[in-house]
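Okay, structure first, notes after.
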Amino acid sequence: MSEALNIIKDPTLTYNQELIALAKLGENSDDTLVYSDEYYKAFNSRALCDLGEGKMPYRPRYICPDYELLFEKGCKFLELDPPKDLLEAINVLEIFYRHVPSITTFPVYLGDLDKLLEPFVLKEERSYAKKLLKLFLLQIDKVLTDSFVHADIGPEDSVTGRLLLELSEEMQLAVPNITLRYDPERTSDDFALACIKCMLKTAKPSFANHRMFVKEWGENYAIASCYNGLLKAGGGYTLPRMRLYECSLTAKDTEDFVNRELPRYIDLQLEYMDKRVKFIVEEASFFKANFLATEGFVKEENFTGMFGVVGLAECVNHLLGIEDKKKGFGINKEATALGLKIMDVIDERVKAHVAPYCEATDHRYRLHAQVGINTDGMDDSPGTRIPIFAEPTMLEQLQTNEKFHPYFPTGTGDIFKFEETYEKTPEAILPIIKGSFGRGLRYFSGYLENCDVVRVTGYLVKKSEIEKLKAQKQSLNNVTVFGMGAQDGAHALDRRIQRHEDNSTGQ
Amino acid sequence: MRSTAGYSVMKITAPVNKIIPFSNVDGPSNRMAIFFQGCPFNCRFCHNPETIHMCNDCGDCVKTCPVGALSLKEGKVTWNKDLCVNCDTCIKTCRHDASPKVTRMTTDELMEKILEVSPYIQGITLSGGECTLQKEFIKELFPKVKALGLTTLLDSNGSLDFESNEDILEYCDGVMLDVKAYNKEFSDWLIRYPNDVVLKNLDHLLATGKLEEVRTLIFPDRDKENEATVRYVAETIKDRCRYKIIRYRQFGVREEYRKELGDFTTGEDYAMRYVELARSLGASKAILV
């Protein structure tokens, strides 16, 4: 059977999912973009991975439109006027979202929804505003059927922010992913607590370290897709990743890896990124003809490339000959130190490389700790995370994260699963977030152990939807299949639960 | 080491049984909870009886430890925590309600641990065993903890008369007090210690504003005793502090006492009756845990 026929006959794919899979086949039938033989060798050995980007990029991977501009000027191409009330604002957004492309075919950034909608919400009765927002969220979940669809709120408290939290808890939907841009000086404790309560029950919002992102990007940044930091009115051209465990397999020893193999793989990934970025800007019509570009909703100079890594823990454990991961990266000081050394090599080499068309990021690509994909199995833990089943106490896990998170302006994060007593004591989580953000943690996610909506590695799925796929039924959300793979292959839902007793250290 | 004119002074130490860096159940917010070894009570319902007595170095546990983490050195049972796999065989072996997994620490040593956790917590809670057995240690520790901007709580059974030990409260933000039994006869049987001091402490801590919360355990089918305790506490504290009504749970309770008290957990509805009783008597902050 041909690949196309497989897709067409697969009963677990919705029509839309078949369409996307068939389009990818079409895209991959062209060989215009070619790389060096060395690159293909690394690609075929699984050391380098293109994260399903396809052979012919016809748009940047992630696009973060300037929705403020849309509300200010409207859109000529879509014949939309600036909205005058909440109903119009929501209508304008829903229409516009349909035309924001990305690797997933759905918009990965929906805007700072609280700030965008607040002036309109304040003009309405609260109950009417809530009803409109409920329909808006329902539309998003049922039409933008992909958990990489992401909305931002905060740092300040707002009526809209509160309504979005209330509705998220009531509706229990996986889409959209939500991030609170958290700054202890601008976000009130009360609003942060409301976010924590919602997070425990729906796995969202996550907390982004606002000060850290502002320092790197300025105020004008967006959190998109899983947890990607990018510029508004811009985005990310491409996100390939080095599978560090597989990269380490060709090295004779640690010294050989750090001095030769690692730099070699880094250069190959840079070659891939340069070629793609140039192709998207110079060859593809997107920046020349798409209304997003011609009307100024995105600007090419606000885009950058995301240099991804995955599997640092397994890479380090392999190089040091550590078989028991409970004695490896994140627990054992020597292993963690080697992890830092490897990150320094990657960081310095990527920073030394002049990247094409990355004006806003000083002509450099920015690092991204990739969260893994459904086919990774247990070989590569997400980014620089400590492997599932090897997690030490939450304190030690945070301390390790704090060392690694600063490397990744285009995103990284960790997830904590809390036992049920935290439902009654959400205020116990806020000091943990405050403390770790002050010490270098970039992004914090959590959920209660008994939730239906759960965070797999970076994206959200419903456990009940995974069960549908397992029963050979269709799941509307395109990401449920990733969740199933990550659950079965990487045990991503079996992460350590933060229990009071488990956290004891003796002395 | 403090020294005066060449004489070195013995440093104060306390026997530490366990440290929990992040706890959400030992007082408000996120706290570091430190558990000391040793308790003057011998409650029949004790959930961690291995914290009651100090080790008498009999060496029984050294023989049963499956991984060789325990040894006898100069007549003292010594614990190697790097080898220990926390299987608790030693705890099951011990006939003295003690534990070999206890470390004596100075306040400076404990401060090192607290300092590491301090960015993430609102404060610390000292518990046990019974923390006030270590009153000299606490007096030295708390000013150092307060200097870090952290809050300091004691989780106490009320066996130490706080009125005649005022100085322990000087740097203490509050006491979480157990009032286990009001009825004297029941108390003598249940905790095997006079409860007048506990009731006196309840009054004193209320009067000095140091009462953080009161806790009472509800036992299955002991209507008269449960009611007497809850009624007394509720009428005393009214709405002035939190009152946690806790269901008796059989887990960890010694077998012989499980037979007396019940080999099951107090029903939620049964316990809720006492929360309602407490509220009806004015203890508006009564909650079921």
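Computed values, structure above
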{"quantity": "Pairs, first free of Cβ contacts under 8 Å to residues at least 12 places away in the same chain in region A:1-30, second open to solvent by less than 60 Å² (accessible area, probe 1.4 Å), C-beta under 6 Å, six or more apart", "calculated": "A:GLU18/A:ILE7"}
{"quantity": "Among residues of region A:271-292, those that are open to solvent by less than 70 Å² (accessible area, probe 1.4 Å) and touching a residue at least 24 places away in the same chain (Cβ under 8 Å), counted", "calculated": "14"}
{"quantity": "Residues located in region A:491-507, provided they are open to solvent by less than 30 Å² (accessible area, probe 1.4 Å) and either closer than 16 Å to A:PRO382 by Cβ or modelled with pLDDT of 85 or more (or both)", "calculated": "A:ALA492, A:LEU493, A:ARG495"}
{"quantity": "Some residue of region B:52-73 being in a loop (DSSP other than H, G, I, E, B), within 14 Å of another protein chain (Cβ to nearest Cβ), in contact with a strand residue (DSSP E or B) (Cβ under 6 Å, 6 or more places away or on another chain) and modelled with pLDDT of 95 or more", "calculated": "no"}
{"quantity": "Residue list for region B:260-289, restricted to those being part of a helix (DSSP H, G or I) and open to solvent by less than 40 Å² (accessible area, probe 1.4 Å)", "calculated": "B:LEU261, B:TYR270, B:ALA271, B:TYR274, B:VAL275, B:LEU277, B:ALA278"}
{"quantity": "Selection from region B:83-112 of residues that are under 19 Å from the mean Cα position of the chain (by Cα) and assigned to a loop (DSSP other than H, G, I, E, B)", "calculated": "B:HIS96, B:ASP97, B:ALA98, B:SER99, B:PRO100, B:LYS101, B:VAL102"}
{"quantity": "Yes/no for B:VAL77 being within 18 Å of B:GLN134 (Cα to Cα) and either open to solvent by less than 40 Å² (accessible area, probe 1.4 Å) or within 14 Å of chain A (Cβ to nearest Cβ) (or both)", "calculated": "no"}
{"quantity": "Selection status of A:LEU51, at pLDDT below 95 and among the aliphatic types (A, V, I, L, M)", "calculated": "yes"}
{"quantity": "Region B:32-42, residues that are away from every other protein chain (no Cβ under 13 Å) and either open to solvent by less than 10 Å² (accessible area, probe 1.4 Å) or among the aromatic types (Phe, Trp, Tyr) (or both)", "calculated": "B:GLY38, B:PHE41"}
{"quantity": "Whichever residue in region A:407-425 is buried (at least 20 other Cβ atoms within 10 Å of the Cβ) and in a helix (DSSP H, G or I) and, among such residues, is farthest from the other protein chains (Cβ to nearest Cβ)", "calculated": "A:TYR407"}
{"quantity": "Sole exception among (1) modelled with pLDDT of 95 or more; (2) more than 14 Å from every other protein chain (Cβ to nearest Cβ); (3) part of a helix (DSSP H, G or I) for B:LEU115, by number", "calculated": "(2)"}
{"quantity": "Candidate set: region B:139-159, residues that are outside any helix (DSSP H, G or I) and touching an Asp or Glu at 6+ places or on another chain (Cβ under 8 Å); chosen: the one nearest to A:PRO431 (Cα to Cα)", "calculated": "B:THR151"}
{"quantity": "Only one of A:LEU87, A:LEU70, A:LEU13, A:LEU48 that is buried (at least 18 other Cβ atoms within 10 Å of the Cβ) and either farther than 26 Å from A:PHE482 by Cβ or in the same structural domain as A:MET273 (by TED's automatic domain parsing) (or both)", "calculated": "A:LEU70"}
{"quantity": "Among (1) open to solvent by less than 60 Å² (accessible area, probe 1.4 Å); (2) in contact with a Gly (Cβ under 9 Å, 6 or more places away or on another chain), the one test that B:LYS200 misses", "calculated": "(1)"}
{"quantity": "Residues (surrounded by fewer than 19 Cβ atoms within 10 Å (Cβ to Cβ) and part of a helix (DSSP H, G or I)) located in region A:344-359", "calculated": "A:ASP344, A:VAL345, A:ASP347, A:GLU348, A:ARG349, A:LYS351, A:ALA352, A:GLU359"}
{"quantity": "Matching strands (runs of 3 or more DSSP E) fully within region A:178-291 where at least 2 residues are in contact with a Leu (Cβ under 7 Å, 6 or more places away or on another chain)", "calculated": "A:206-209, A:221-224, A:241-243"}
{"quantity": "Matching entry among B:ASP82, B:ASP108, B:ASP167 (being surrounded by fewer than 21 Cβ atoms within 10 Å (Cβ to Cβ) and not assigned by TED's automatic domain parsing to the domain that holds B:ALA33)", "calculated": "B:ASP82"}
{"quantity": "Qualifying residue in region A:469-477 (condition: without any contact (Cβ under 8 Å) to a residue 24 or more places away in the chain and either not small (Gly, Ala, Ser) or not assigned by TED's automatic domain parsing to the domain that holds A:ILE223 (or both))", "calculated": "yes"}
{"quantity": "Count of residues meeting criterion [in contact with a Leu (Cβ under 6 Å, 6 or more places away or on another chain) and aromatic (Phe, Trp, Tyr)] in region B:23-78", "calculated": "1"}
{"quantity": "Odd one out for B:SER29, checked against (1) part of a loop (DSSP other than H, G, I, E, B); (2) away from every other protein chain (no Cβ under 14 Å)", "calculated": "(2)"}
{"quantity": "Test set (1) closer than 26 Å to B:PRO194 by Cα; (2) surrounded by fewer than 16 Cβ atoms within 10 Å (Cβ to Cβ); (3) over 12 Å from the mean Cα position of the chain (by Cα) - B:GLU50 fails condition number", "calculated": "(2)"}
{"quantity": "Residues (open to solvent by 10 Å² or more (accessible area, probe 1.4 Å) and not aromatic (Phe, Trp, Tyr)) located in region A:210-225", "calculated": "A:ARG211, A:MET212, A:VAL214, A:LYS215, A:GLU216, A:GLY218, A:GLU219, A:ASN220"}
{"quantity": "Among residues of region A:320-343, those that are part of a helix (DSSP H, G or I) and either without any contact (Cβ under 8 Å) to a residue 24 or more places away in the chain or open to solvent by 30 Å² or more (accessible area, probe 1.4 Å) (or both), counted", "calculated": "9"}
{"quantity": "Number of positions in region A:42-55 that are in contact with a Leu (Cβ under 9 Å, 6 or more places away or on another chain) and either closer than 30 Å to A:ASP112 by Cβ or without any contact (Cβ under 8 Å) to a residue 40 or more places away in the chain (or both)", "calculated": "4"}
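The rows are residues; the columns are (1) under 19 Å from the mean Cα position of the chain (by Cα); (2) within 14 Å of another protein chain (Cβ to nearest Cβ); (3) under 26 Å from B:ASN42 (Cβ atoms).
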{"position": "B:PRO119", "(1), (2), (3)": "no, yes, no"}
{"position": "B:SER127", "(1), (2), (3)": "yes, yes, yes"}
{"position": "B:LEU150", "(1), (2), (3)": "no, yes, no"}
{"position": "B:LEU177", "(1), (2), (3)": "yes, no, yes"}
{"position": "B:TYR193", "(1), (2), (3)": "yes, no, yes"}
{"position": "B:VAL198", "(1), (2), (3)": "yes, no, yes"}
{"position": "B:LEU206", "(1), (2), (3)": "no, no, no"}
{"position": "B:THR216", "(1), (2), (3)": "yes, no, yes"}
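The values are calculated or read from the model by the stated rules, or taken from the named source; none is laboratory data. Note that the structure is predicted; figures quoted are calculated from it, not measured. All Cβ positions, glycine included, derive from the backbone under ideal geometry; neighbour counts span all protein chains shown. Only protein heavy atoms, including side chains, enter the accessible area calculation; ligands, DNA and RNA are left aside. Shrake-Rupley method; radii C 1.70, N 1.55, O 1.52, S 1.80 Å.
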